[in-house]
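The structure under discussion appears below in the form of structure tokens.
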């Protein structure tokens, strides 16, 4: 086949393969960040993203191969790149609205597995078509670059290498460079722009249909104007901070009384600062019972370790009410630690190590009087911090009479829920386990120790407490403590399906919250629902 324009240099075809492979991986990683604020970034969501993208690429390979055999016009391939580039550029503009529309429809239409179904349909609508088009690149280029059977093996191998190297860079650049520095939206625009430049060069040098270039450039410009923002919560008008880190979408909002951090999921409180210095009113207050169970009032030296420091809500409260204690925190997301200094008043007195909680325990020999485990990844605790092996490691780092407190984010009442698994697993390591449900949230606090008298020690320390607000609150916690009798639902490093267990609880919560609206639709139809919101 006679090549013309820039195609006379076959390096251009290899560059097309290289940058197409790069764009595929960049879009895949961008997809996870686009979906995370709405559906979390759990293994479930990652599975859906990878699965739908592989489906799109497979069908693109088939279609691209058949089209390449039938058509001799290379311009068709670069025309598809134009469409893919514009579509990817439009994702930051329209993607979040599509996600909310799909979620709004499905939340009243499905009774279970909302997270899976909504994330799957969002991926299908937003990402499948452009990646289907990119899937046509490799088979088309094989056809256009192969001139004889004598060198087709070398050419196919070279194209495959170009695609693989591009994919490697497309994996590392978004994760470590573009998303942390300029955000997900601009990342989509960058890689969309690369695809468009490739196509523009072809049409300009071959004097093809330049109207395509003009229209695509105009649409891309519009996407740059309206899609550069990283505002996932576009309905919020008073956010103090909204941004991204290597690990999370981050949101700080502030009112007259509080400063609040939310990560990945738009709803919920991951950390809170009370401006008047009072108790938080959330599960952090309940966890204040742990130092008293470990006899903080009678010890000259007392050490607390917090795995999942966040912006330091628990550390701040411990420092306020137990000023002589030593506090260490471990937080994997360095950006959250930076936010804690800027917005949450964290002082340098509180030591924070940027590390994974379990890896930190493996690296240190120190023992602590209290270890708080509050390391949540979106909807559930990371699997490596939920296993019996992990809790044995926690026990090794506790003093003989030390206490572990675990925040369990979503309490469920059905048999076999995530908290039952966590509690049973902890019961394999600690002999004394008590739980308390936080009143104003779905959190449950679990206290575990091998000291038989932890409740008596709590009562003695409460009697010595001079702050009436803390004493009154913890007296209520004490009255609500329930002794837990472990069962046989055990999580191990080899088998810890925490995402699936957490998803079941989310389904229950969603169904409970949406029951009123579903009944309203059943009785009065969509008009009744619209009237409810209008009122």
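Points to keep in mind about this one:
- Gyration tensor (alpha-carbon) shape descriptor, region 279-496, a/c threshold 1.5: rounded
- Only one of (i) 48; (ii) 54; (iii) 60 was calculated from the structure for percent of Cα pairs over 34 Å apart, and its label is (i).
- Region 383-465, Rg to Rh (Cα coordinates; Rh as Kirkwood inverse mean 1/r): 0.99
- Principal axis extents of the Cα atoms in region 5-227, from largest to smallest and rounded to whole angstrom, are 57, 35, 34.
- Cα-based helix-to-principal-axis angle, 210-227 vs the chain, degrees rounded to 10: 10 degrees
- Taking the centroid of alpha carbons for each part, region 132-194 and region 283-324 are 51 Å apart.
- Inter-site label distance for residue 215 and residue 278 at 7 Å from Cα along Cβ, in nm: 6.1 nm
- Descending Cα extents along the principal axes, region 1-124, whole Å: 58, 24, 24
- Helix 11-39 axis, angle to the chain major axis (alpha carbon atoms, nearest 10°): 30 degrees
- Relative to the current alpha-carbon distance between residue 71 and residue 158, full extension at 0.36 nm per residue lengthens the span by 29.0 nm.
- Neighbour counts of other Cβ atoms within 10 Å put 52, 164, 263 in the fewest-to-most order 164, 52, 263.
- Here 210, 455 are placed in order of increasing Cβ neighbour count within 10 Å, fewest first, which gives 210, 455.
- Compared with the dominant principal axis of the Cα atoms in the chain, helix 454-464 is inclined by about 70°.
- Counting every other Cβ atom within 10 Å of each residue's Cβ, 309, 404, 124 order from fewest to most as 124, 404, 309.
Read-outs: derived from the displayed coordinates by stated rules, not from any lab. What you see is a predicted model; the values in this text were computed from it and never measured. Counting neighbours? That spans all protein chains shown, and the Cβs are built from the backbone with ideal geometry, glycine included.
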